[in-house]
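Undergrad: Take this structure first; my questions come after.
The values are calculated or read from the model by the stated rules, or taken from the named source; none is laboratory data. Please read these numbers as outputs of a predicted model, since none were measured by experiment. Cβ coordinates were reconstructed from backbone atoms using ideal geometry, including for glycine residues, and neighbour counts include every protein chain displayed.
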Amino acid sequence: MVILEIILIIYIYGLPNFLDDLRSMFGYPRTWLGKVFGPTGYYIQGIWCFLAPLQITILFVVVLFTQISHNLTYGKDKRLYEYPSWAIGLGWLISIIPISLLPIMAVYNLLKFRQKRKNWRELFKLQPKWPSYEKRNVMEKPFAIYYQNWVQQPLVE
């Protein structure tokens, strides 16, 4: 799940957009040390783009291999207990429930948008109820508000 989140944030949403969001929260770095090691610095960018995906992928492969190839046990010597297969299945089920909520909620939102007769592509756009909607709208159309107010006022003669 974490690798999907990193791919979504860095490679689909985009690192520049993510850094802009971080800079809006933390501000721009003021020193060269902040530019390198700060919350939006080059060091953090390298970790997000390369190191974190690599580490998480390696960790996932090792854990998956260990879970599949070895019997799960507890204790040692005479008190060695091997977990029954139903307990292992229950553990996998509990692990999958949070991950399965993502596609379930995606289908739910898709059906909700269809009921409102909206296109499914609207799901991937900024929604008016989100706090960043007005900020984004103002930044994209800075002259639209001025032009709209200018046209609506009648000329006095």
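Undergrad: Output the residues belonging to segment 48-84 that are within 30 Å of Ile9 (Cα to Cα) and among the hydroxyl-bearing types (Ser, Thr, Tyr).
TA: Answer for segment 48-84, where residues must be within 30 Å of Ile9 (Cα to Cα) and among the hydroxyl-bearing types (Ser, Thr, Tyr): Thr57, Thr66.
Undergrad: Here is a further query. Would you pick out the residues in segment 69-82 that are polar (S, T, N, Q) and either surrounded by 10 or more Cβ atoms within 10 Å (Cβ to Cβ) or closer than 18 Å to Val2 by Cβ (or both)?
TA: Matches in segment 69-82: Thr73 only.
Undergrad: Could you tell me whether Val63 is over 30 Å from Phe124 (Cβ atoms), among the β-branched types (Val, Ile, Thr) and out of contact with any helix residue (DSSP H, G or I) (no Cβ under 6 Å at 6 or more places or on another chain)?
TA: It is true that Val63 is over 30 Å from Phe124 (Cβ atoms), among the β-branched types (Val, Ile, Thr) and out of contact with any helix residue (DSSP H, G or I) (no Cβ under 6 Å at 6 or more places or on another chain).
Undergrad: Additional query: Tell me the residue from Tyr13, Tyr81 that is at pLDDT 90 or above and not β-branched (Val, Ile, Thr), please. Outline the logic, then answer.
TA: On the way: Tyr13 fails: at pLDDT 90 or above.
Result: Tyr81 is the single residue among Tyr13, Tyr81 that is at pLDDT 90 or above and not β-branched (Val, Ile, Thr).
Residues are listed down the side, and each one gets a yes or a no for (1) farther than 24 Å from Leu4 by Cβ; (2) of a type outside the set (Asp, Glu); (3) loosely packed, with under 11 Cβ neighbours inside 10 Å:
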{"residue": "Leu64", "(1), (2), (3)": "no, yes, yes"}
{"residue": "Gln67", "(1), (2), (3)": "no, yes, no"}
{"residue": "Pro84", "(1), (2), (3)": "yes, yes, yes"}
{"residue": "Ile96", "(1), (2), (3)": "no, yes, yes"}
{"residue": "Leu101", "(1), (2), (3)": "no, yes, no"}
{"residue": "Lys112", "(1), (2), (3)": "no, yes, no"}
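Undergrad: Same structure again: Evaluate segment 32-43: report whether one residue or more is at pLDDT 85 or above and exposed (fewer than 11 other Cβ atoms within 10 Å of the Cβ).
TA: The answer is yes, given that some residue of segment 32-43 is at pLDDT 85 or above and exposed (fewer than 11 other Cβ atoms within 10 Å of the Cβ).
Undergrad: Follow-up. Is it the case that segment 135-156 has a residue that's at pLDDT 80 or above, acidic (Asp, Glu), at negative phi and not in a loop (DSSP other than H, G, I, E, B)? Before you say what the answer is, go through the steps one by one.
TA: Applying the first criterion (at pLDDT 80 or above) to segment 135-156 yields none.
Among the residues of segment 135-156, not one is at pLDDT 80 or above, acidic (Asp, Glu), at negative phi and not in a loop (DSSP other than H, G, I, E, B), which makes the answer no.
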